[in-house]
Amino acid sequence: MNCPECDAKLNIPEDASVGEIISCPDCGADFEISKKEGSNIELKQAETVGEDWGE
Amino acid sequence: MTDVTILYDSIRWEEKSLLEAGKKKNINIQMVDCKKLALDLEKKPEDYGVVIQRCVSYYRNLHATAALEGLGVKVINCLNTGVFAGNKLFTHMLLKKFGVPTPDATVAFSKDAALEALETNGYPKVIKPTVGSWGRLISKLNDKESAEGIIESRETMYPIYQIHYLEEFVKRPPRDIRAIMVGDKIVAAIYRNSEHWKTNMSLGGTAEPCKVTQEMEEMCIKAKNAVQGDIVGVDLMESEEKGLVVHEVNNTTEYKNTVRVCGVDIPSLMLDYALKVER
């Protein structure tokens with residue numbers, strides 16, 4: 001699967017699950033796996049780090 | 001039937017490892033994305049089991065816990081822990097009450113009051129947002145000039161940043177300690193080493209195993225109980241003057257680096273604990 005931003009090849013691990021964040025190795029954009037049915041994967045723009053994130 | 005629900009808003013290594021540990025143990029784990037959740041506050045939801053709260057967003061975490069707990073679902077940690085541990089001043093007061101050594105601090109409610117307190121108590125001090133994480137907006141105030149600039153910049157921010165929490169700058173080795181508590185036990189602890197005075201892993205600190213002493217464990221149990229926690233990460237510093245001091249209790253602790261360097265299966269221990277607690 002290619003990066004929706006820059007078209008570089010994304011490395012999505014076999015065991016990746018819905019909700020996981022994938023980063024593009026080329027442009028650094030973050031995507032969240034929004035759907036996964038077998039090899040059919042859909043991505044959406046990941047939430048940016050919120051001001052209230054962390055611990 | 002669900003045994004344990006992992007409530008998340010971003011799947012990090014921690015959440016994945018909980019799911020994996022659940023599969024190995026044959027526990028029915030339900031993963032719930034809090035971002036997709038709408039809770040009817042008038043109806044008790046079915047089939048949550050015990051909820052392990054893992055939302056990375058503070059406000060989402062707190063409000064989801066309030067809703068679920070209010071509806072009768074057992075959430076780890078409970079709402080009080082989210083409120084108390086999520087605020088450095090609230091935590092400070094409770095640590096003092098429970099006899100846990102913690103760095104001295106002052107709270108000031110305006111720029112002028114803060115600068116006056118700094119003049120009286122002396123520099124350097126560390127200014128921390130009472131609510132905040134990953135070391136963000138924590139600044140060292142070395143002198144009056146830097147304090148004026150930093151505090152003035154906070155006057156334009158959201159009101160929580162105008163509660164000026166001023167903590168003593170603790171003289172210590174270039175590291176602090178993160179102890180992971182599951183119930184009344186430190187299951188693993190690490191030193192977080194950093195050349196920078198902020199030792200947060202998210203800011204590039206490095207981890208190495210830390211031997212747990214009886215003193216440390218007793219202190220951490222008190223700190224956990226102070227905020228009414230079940231599973232928490234307690235942060236300690238080795239003060240040259242006071243010995244061990246607790247400066248923070250983390251409500252939704254990260255533990256990736258602790259598992260990596262200590263080789264302790266923290267996710268499994270968390271699940272064992274969750275299954276044992278009263279619902």
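Every number here is computed from the coordinates shown, using simple stated rules; none is lab data. Here the structure is a predicted model, which is why all the values come from computation and not from measurement. Methodologically, a virtual Cβ is constructed for each residue, glycine included, from the backbone with ideal geometry; neighbour enumeration extends over all protein chains shown.
Values as computed for the structure displayed
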| item | result |
| --- | --- |
| Gyration tensor verdict on region B:203-279 (Cα atoms; rounded if a/c is under 1.5, prolate if a/b is larger than b/c, oblate otherwise) | oblate |
| Relative contact order (percent, whole number), chain B, Cα cutoff 8 Å, 6+ residue spacing | 20 percent |
| As computed over the protein assembly as shown, the Cα convex hull volume per residue (Å³) | 159 Å³ |
| Per-residue mean of C-beta atoms belonging to partner chains within 10 Å, peptide B:9-18 | 3 |
| Mean separation of Cα contacts under 8 Å, 6 or more apart, over the residue count of chain A: relative contact order % | 22 percent |
| Cross-link pairs beyond the 20 Å C-alpha cut-off, checked among B:LYS171/B:LYS198; B:LYS111/B:LYS144; B:LYS23/B:LYS43 | B:LYS23/B:LYS43 |
| Cysteines without a disulfide-compatible partner [the protein assembly as shown; Cβ-Cβ under 4.7 Å] | B:CYS34, B:CYS55, B:CYS78, B:CYS210, B:CYS220, B:CYS262 |
| Partner chain coverage, peptide A:43-52 - average Cβ within 10 angstrom | 4 |
| Relative contact order (%) - region B:121-279, alpha-carbon pairs under 8 angstrom, separation at least six | 20 percent |
| Antiparallel DSSP beta bridges within chain B, as percent of all bridges there, nearest 5 | 75 percent |
| Other protein chain Cβ atoms within 10 Å, averaged over every residue that makes up A:15-21 | 5 |
